[in-house]
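Q: Let me give you the structure first, and then I'll get to my questions.
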Amino acid sequence: MAVQKQTADLAGLAILTKERQKQLALLLSRVWAWVFLATLVLFFVVSVRQTSGGAVNFLTVRNSQNILVAITPVFLLGLGQTFVIIAGGIDLSVGHMMSMASVVSALAIRGVYNEGAPLFISVVAGFLAAVCATAAVGMAHGTIIAKLKVPAFIVTLGGSFIMRGVALLLSDNTTVIGLPPGVRDYGNESLLYLIRGEGGGIYFLNRPEVSGALLRSMDRIFPYPVVLTAIAAAIGIFVLKKTAFGRYTYAIGGNREAALRAGIPVDRHVIKLYMLSAATAGIAGFLSTLRYTAGSAVIGEALLMSSIAAVIIGGVSLFGGAGSVTGTVIGALIIAVLTTGLVMLNVQAFWQFIVVGVVVILAVLIDQSRDLIMGRMESE
Amino acid sequence: MEQTAVEIKQGAQTREPMLRVHQLVKRFGGLTAVNKVDFEVYPGEVVGLVGDNAAGKSTLIKCISGVHQPDEGEIFFQGQRVRFSRPMEARDAHIETIYQDLALAGNLNVGANIFMGREPQKSYLGGLIKVLDEGFMLAESQKIMGRLGIHIPDFSQQIETLSGGQRQAVAIARAVYWKAQLMIMDEPTNNLGVVEQRQVLELVQELRQQNVPVILISHTLPDIFAVTDRIVVMHRGHKVTEKKTSETDSQEIVQYMVGALDDRRDSYL
Ligand SMILES: Nc1ncnc2c1ncn2[C@@H]1O[C@H](COP(=O)(O)OP(=O)(O)OP(=O)(O)O)[C@@H](O)[C@H]1O
Ligand SMILES: [Mg+2]
């Protein structure tokens, strides 16, 4: 009897450690992106200093802000995409969707301003035009996917071509210019200004009138586009983790059939997801219009790949059911740190693409090896 | 044997059936998957539904649970004629189904699965912002799992990391939590280990204790004999017999399952 009990206890211990191993594997798969990001930053801090003989520093305020500005569009495109992919879908149209939104918002701002509206109202009109136009297209995508059962890949691929055409059509094949000059401030000014040294200081919401060396040494901290994107990220995290909307998204991606049987309005939710994805691309387009004081019909073209890469590096499973907005933030950061760092090391541009590509595949491999480890433990 | 039929009839007269299916027909194109089937389920009763592959068992219960709409015939539930056009309508009437394939989301935890589609929410700012009430979901799911005697080590973990039996238990707990008045189980022990199969069967007994009637589909006759009060046998879309479990044996049931015996035919003799 005693012996039997002892072996039972031992077996219990083995299960416990296996449980621990499983948790460890889970933990590792969850934090690897953070670790990778930290390692990357460290690597660039050291290597940039070394190759420049100590003259250039990777981790400056200005450089960090540049990185944040650089990830804004990539992250926004990835934000809606995160929801869509978690629910088991894909949205290939976000790149050209962003271009379309850029053109539409530029036309709206210019039009409303020329009608005599104040600058702020014109900019708000540009925002609304971008969001409404893209959400409407997203609704069409979602409806065709959910109701007519056409694969999301096909619908959004077609939609992508259509958006590209529409953007070129609306912009008359050229860049939309002639926007009121004040637009530039919305896209480029920031919350804080920092001037170091003599005659410097910190300025909040109010750009100091300086010139020369002082202007050159002025750092802009949290430019408005970055602030808006941070708010969007916070809302995204909240909605996905804390609300029924987020729960439905996971449930549909986890088991669509189960979600249906549980009474979740699956079709309606899927339509909303494609509207969301289109609208975040719309915001990205609007912000690019502010930033460049012009509407561009090609601005989003190159960003589709990067945004999907960010989502995947961030741990969203293409099979649906898993992922987080925080992950996508990290994914976008990793890509931006990589590209910025490689530029500072004077590495030729093609290497950036190669490295990002390798990281994407690596990320998925790490995810899969976790499943493999977990699966093996299960079957033991 | 004569007495049996009378007894069943008498039972029927004294108690209202929970569920009554009358002359139900379901066709798929040229195939009649369910052909003029009658049967009843009484409160607190476990009815076994058996038959060979493609006999029409799943189709029959899918007509009851709102997945399919019957082509002919009627379904009465708690005395009312019902016509469910979607599974949700059947669930709203408290008919819960445990499917052959689990209707759970493996990437969600126990509470999220039990409350899937009916998530409790806390309102803030006068209902402007609604947040999932995770605390309530956790507490309620711990309560119901405890009541059914199911042990879950960690309620926060995704249920795909649970064993098959535990997952099946979650599905059953969900049905019980939502006050099932009729529980339909289509091969609930499929793909389960021996111990887990026993756990599920114990849960079926537990449901009977709580006066929840159960329709149990299974290919495992020993299980059927272990937990049912009555057995309905289907063959090629027809109901070929109905027996009290205590008054038959697996040999006889098998003969009905393969079509060697058929009460409809034999009654012509
Ligand atoms: N959705 C459907 N469309 C067309 N035919 C179907 C459909 N569902 C079931 N059938 C057919 O109806 C018949 C009865 O199938 P059903 O699934 O009800 O059998 P079953 O008794 O549950 O069998 P099993 O024991 O294998 O689960 C089969 O011939 C099957 O192929
Ligand atoms: Mg079946």
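Q: Inside the stretch A:247-268, can you point out the residues that are more than 8 Å from chain B (Cβ to nearest Cβ) and either part of a loop (DSSP other than H, G, I, E, B) or over 24 Å from B:Y99 (Cα atoms) (or both)?
A: Within the stretch A:247-268, A:P265, A:R268 qualify.
Q: Shifting gears a bit: Any residue at all in the stretch B:217-234 that's of a type outside the set (D, E, K, R), within 16 Å of ligand 2 (Cβ to nearest atom) and assigned to a helix (DSSP H, G or I)?
A: Filtering the stretch B:217-234 for residues of a type outside the set (D, E, K, R) gives B:217-222, B:224-228, B:231-234.
Restricting the remaining residues to those that are within 16 Å of ligand 2 (Cβ to nearest atom) gives B:217-221, B:224, B:232-234.
Applying the additional criterion that residues be assigned to a helix (DSSP H, G or I) yields B:221, B:224.
Looking through the stretch B:217-234, at least one residue is of a type outside the set (D, E, K, R), within 16 Å of ligand 2 (Cβ to nearest atom) and assigned to a helix (DSSP H, G or I).
Q: Moving on to the next point. From the residues in the stretch B:75-87 that are open to solvent by less than 40 Å² (accessible area, probe 1.4 Å) and either polar (S, T, N, Q) or touching a residue at least 24 places away in the same chain (Cβ under 8 Å) (or both), which one is nearest to ligand 2 (Cβ to nearest atom)? Spell out how you get there, then give the answer.
A: Of the residues in the stretch B:75-87, the ones open to solvent by less than 40 Å² (accessible area, probe 1.4 Å) are B:75, B:77, B:82, B:84, B:87.
Applying the additional criterion that residues be either polar (S, T, N, Q) or touching a residue at least 24 places away in the same chain (Cβ under 8 Å) (or both) yields B:75, B:77.
Numbers: B:I75: 19, B:F77: 21 Å.
Step by step, filter the stretch B:75-87, then rank; the result is B:I75.
Q: How about the stretch B:217-227: which of its residues are within 13 Å of the chain's Cα centre (by Cα) and open to solvent by 20 Å² or more (accessible area, probe 1.4 Å)?
A: Residues satisfying the conditions do not exist here.
Q: Another one. Residues in the stretch B:61-74: is at least one over 25 Å from B:S246 (Cα atoms), open to solvent by 10 Å² or more (accessible area, probe 1.4 Å) and within 13 Å of the chain's Cα centre (by Cα)? It would help to see each step written out before you state the result.
A: Taking the stretch B:61-74 as the starting set, the residues that turn out to be over 25 Å from B:S246 (Cα atoms) are B:62-74.
Those still in the list that are open to solvent by 10 Å² or more (accessible area, probe 1.4 Å) too: B:62, B:67-74.
After this cut, where a residue has to be within 13 Å of the chain's Cα centre (by Cα) as well, the list is B:62.
Scanning the stretch B:61-74, I find at least one residue that is over 25 Å from B:S246 (Cα atoms), open to solvent by 10 Å² or more (accessible area, probe 1.4 Å) and within 13 Å of the chain's Cα centre (by Cα), so the answer is yes.
Q: Also: Would you be able to tell me the number of residues in the stretch B:19-56 that are open to solvent by 40 Å² or more (accessible area, probe 1.4 Å), away from ligand 2 (no atom under 16 Å from the Cβ) and acidic (D, E)?
A: 2
Q: Return the only residue of A:Q368, A:Q352 being more than 14 Å from chain B (Cβ to nearest Cβ), surrounded by fewer than 22 Cβ atoms within 10 Å (Cβ to Cβ), within 30 Å of B:Y99 (Cα to Cα) and modelled with pLDDT under 90.
A: Details: A:Q352 fails: within 30 Å of B:Y99 (Cα to Cα).
Just one listed residue meets the conditions, A:Q368.
Q: Given (1) farther than 23 Å from B:A173 by Cα; (2) in contact with a helix residue (DSSP H, G or I) (Cβ under 6 Å, 6 or more places away or on another chain); (3) open to solvent by 10 Å² or more (accessible area, probe 1.4 Å); (4) within 16 Å of ligand 1 (Cβ to nearest atom), where does B:V131 come up short, assuming only one miss?
A: Only one criterion is unmet by B:V131, namely (4).
Q: Please go through (1) surrounded by fewer than 17 Cβ atoms within 10 Å (Cβ to Cβ); (2) within 14 Å of ligand 1 (Cβ to nearest atom) for B:S246 and return the number of the only condition it doesn't satisfy.
A: Only one criterion in (1) surrounded by fewer than 17 Cβ atoms within 10 Å (Cβ to Cβ); (2) within 14 Å of ligand 1 (Cβ to nearest atom) is unmet by B:S246, namely (2).
Q: Here's a follow-up. Can you tell me which residue among B:F84, B:F76 is more than 10 Å from every other protein chain (Cβ to nearest Cβ), in contact with a helix residue (DSSP H, G or I) (Cβ under 9 Å, 6 or more places away or on another chain) and of a type in the set (F, W, Y)?
A: Numbers: B:F76 fails: in contact with a helix residue (DSSP H, G or I) (Cβ under 9 Å, 6 or more places away or on another chain).
After applying the criteria, what remains is B:F84.
Q: Tell me which residues, restricted to the stretch B:168-216, are part of a loop (DSSP other than H, G, I, E, B), open to solvent by 60 Å² or more (accessible area, probe 1.4 Å) and away from ligand 2 (no atom under 16 Å from the Cβ). First the steps, then the outcome.
A: Initial filter on the stretch B:168-216 (part of a loop (DSSP other than H, G, I, E, B)): B:178-181, B:187-193, B:210-213.
With the extra rule that they be open to solvent by 60 Å² or more (accessible area, probe 1.4 Å), the set shrinks to B:179, B:181, B:190-191, B:210-211.
Correct list: B:K179, B:Q181, B:Q210, B:N211.
Q: Which of the residues that make up the stretch B:107-132 are within 19 Å of B:Y177 (Cβ to Cβ), within 10 Å of chain A (Cβ to nearest Cβ) and either of a type in the set (F, W, Y) or free of Cβ contacts under 8 Å to residues at least 60 places away in the same chain (or both)?
A: B:L108, B:A112, B:F115, B:M116, B:G117, B:E119, B:P120, B:Q121, B:L132
Q: Looking for whichever is of a type outside the set (D, E, K, R) and either surrounded by fewer than 24 Cβ atoms within 10 Å (Cβ to Cβ) or within 14 Å of chain B (Cβ to nearest Cβ) (or both) here; the options are A:G321, A:G314. Which one fits?
A: Working: A:G314 fails: either surrounded by fewer than 24 Cβ atoms within 10 Å (Cβ to Cβ) or within 14 Å of chain B (Cβ to nearest Cβ) (or both).
None of the other options fit; the residue is A:G321.
Q: B:F155 - would you say it is among the aromatic types (F, W, Y), under 20 Å from A:Y250 (Cα atoms), more than 16 Å from ligand 1 (Cβ to nearest atom) and more than 14 Å from chain A (Cβ to nearest Cβ)? Walk me through it before giving the result.
A: Details: among the aromatic types (F, W, Y): yes; under 20 Å from A:Y250 (Cα atoms): yes; more than 16 Å from ligand 1 (Cβ to nearest atom): yes; more than 14 Å from chain A (Cβ to nearest Cβ): yes.
The answer is yes for B:F155.
Q: Any idea which residue in the stretch B:177-202 is farthest from B:R118 (Cα to Cα), counting only those that are under 12 Å from the mean Cα position of the chain (by Cα) and either within 14 Å of chain A (Cβ to nearest Cβ) or away from ligand 1 (no atom under 16 Å from the Cβ) (or both)?
A: In this case the residue turns out to be B:D186.
Q: Moving to a separate point now. Does the stretch B:134-160 hold any residues that are surrounded by 13 or more Cβ atoms within 10 Å (Cβ to Cβ) and touching an Asp or Glu at 6+ places or on another chain (Cβ under 8 Å), and which are they?
A: B:M137, B:L148
Q: So A:P265 clears everything in (1) free of Cβ contacts under 8 Å to residues at least 60 places away in the same chain; (2) in contact with a helix residue (DSSP H, G or I) (Cβ under 6 Å, 6 or more places away or on another chain); (3) open to solvent by 10 Å² or more (accessible area, probe 1.4 Å); (4) of a type outside the set (D, E, K, R) except one condition, right? Which one?
A: (2)
The values are calculated or read from the model by the stated rules, or taken from the named source; none is laboratory data. The shown structure was predicted, so the numbers you read here are calculated from the model rather than taken from an experiment. Methodologically, a virtual Cβ is constructed for each residue, glycine included, from the backbone with ideal geometry; neighbour enumeration extends over all protein chains shown. Ligands, DNA and RNA are excluded from the accessible area calculation, which covers all protein heavy atoms including side chains. Shrake-Rupley method; radii C 1.70, N 1.55, O 1.52, S 1.80 Å.
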